[in-house]
Amino acid sequence: MKKKCMVSAILIGFSWALLTIPARGQETAGIFEQPLLITSAGQNAEVQIVAVLAKRAGLNYTLSKQATAADLENMKTLVLVLGASLKGLGAAGLDMDKERERVMALITAAQKAQVPLLCLHLGGETRRGPQTDDLIAEVLLLAKMVIVVKSGNGDGFFTKLCQPRNIPLVEVEKTADVQIPLQKAFK
């Protein structure tokens, strides 16, 4: 009986690992070019953390918390940090509808300019909720790659969105661990 339980646990663990790494043929190294524009989708504080991680990774980036299409000039990659913050939205004088409009207009401009989208979600479970999930569901389907802190994907939400579209999904244990896949993602 113990042997069956151990085998089952190993198989479950292996299956979960397969869901959280990029599928075969989905190489995540060197798929984006610099310079990159980093902005928030939801006016979250994590956008600052991504800028710090990009700096530590030696990436050439511009941070604009409320980026618009004009900010995309000369940029090769758009990085969206996903997560709605009511405090951040209020401080920016925005509501979720205005933020969604800004983000979707920015993505539309990026697509028109052939600037690929990299999405990150670092807030974990605490930065998830109906407003964030709705925005993520809309935006994530347009991404070329996604990096998330594992606690934010505990329910498999990101996996369910990425897998059918073969969008590489990289999970990390903690926020600081984002630096390595972020650095590797750029040429």
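The values are calculated or read from the model by the stated rules, or taken from the named source; none is laboratory data. Just so you know, these numbers come straight off a predicted model, no measurement behind them. In this analysis, Cβ positions are derived from the backbone assuming ideal geometry, glycine residues included, and neighbour counts consider all displayed protein chains.
Evaluated against (1) among the polar types (S, T, N, Q); (2) free of Cβ contacts under 8 Å to residues at least 12 places away in the same chain; (3) in contact with a Ser or Thr (Cβ under 7 Å, 6 or more places away or on another chain), Gln114 falls short on exactly one condition, (3). For Asn74, the conditions (1) assigned to a loop (DSSP other than H, G, I, E, B); (2) within 19 Å of Ala143 (Cβ to Cβ); (3) among the polar types (S, T, N, Q) are fulfilled apart from (2).
Restricting attention to segment 156-170, and to residues there that are touching a residue at least 24 places away in the same chain (Cβ under 8 Å) and in a helix (DSSP H, G or I), which single residue is surrounded by the most Cβ atoms within 10 Å (Cβ to Cβ)? Top of the filtered list is Phe158.
If the condition is being in a helix (DSSP H, G or I), at pLDDT below 90 and closer than 25 Å to Gln179 by Cα, then segment 108-134 contributes Gly124, Glu125, Thr126, Arg127, Thr132. Looking only at residues of segment 88-107 that are free of Cβ contacts under 8 Å to residues at least 24 places away in the same chain and either polar (S, T, N, Q) or not in a loop (DSSP other than H, G, I, E, B) (or both), we find that the one that is nearest to Gly123 (Cα to Cα) is Gly90.
Among the residues of segment 146-155, those that are in contact (Cβ under 8 Å) with a residue 12 or more places away in the chain and either hydroxyl-bearing (Ser, Thr, Tyr) or assigned to a loop (DSSP other than H, G, I, E, B) (or both) comprise Ser151, Gly154. When the test is whether a residue is at pLDDT below 95 and surrounded by 18 or more Cβ atoms within 10 Å (Cβ to Cβ), Val146 does not pass it. Scanning segment 158-179 for any residue that is within 22 Å of Phe32 (Cβ to Cβ) and either hydroxyl-bearing (Ser, Thr, Tyr) or in contact with an Asp or Glu (Cβ under 6 Å, 6 or more places away or on another chain) (or both) turns up at least one such residue. Does segment 90-105 contain at least one residue that is touching a strand residue (DSSP E or B) at 6+ places or on another chain (Cβ under 6 Å) and among the aliphatic types (A, V, I, L, M)? Checked segment 90-105: at least one residue is touching a strand residue (DSSP E or B) at 6+ places or on another chain (Cβ under 6 Å) and among the aliphatic types (A, V, I, L, M). Filtered by the rule that a residue be out of contact with any Lys or Arg (no Cβ under 7 Å at 6 or more places or on another chain) and either under 17 Å from Thr132 (Cβ atoms) or outside any strand (DSSP E or B) (or both), segment 52-67 gives Val52, Leu53, Ala54, Lys55, Arg56, Ala57, Gly58, Leu59, Asn60, Ser64, Lys65, Ala67. Does at least one position in segment 70-85 carry a residue that is exposed (fewer than 13 other Cβ atoms within 10 Å of the Cβ) and closer than 10 Å to Leu37 by Cα? Scanning segment 70-85 turns up at least one residue that is exposed (fewer than 13 other Cβ atoms within 10 Å of the Cβ) and closer than 10 Å to Leu37 by Cα.
Restricting segment 117-131 to residues that are buried (at least 18 other Cβ atoms within 10 Å of the Cβ) and in contact with a Ser or Thr (Cβ under 9 Å, 6 or more places away or on another chain) leaves a set whose member that is farthest from Ala54 (Cα to Cα) is Arg127.
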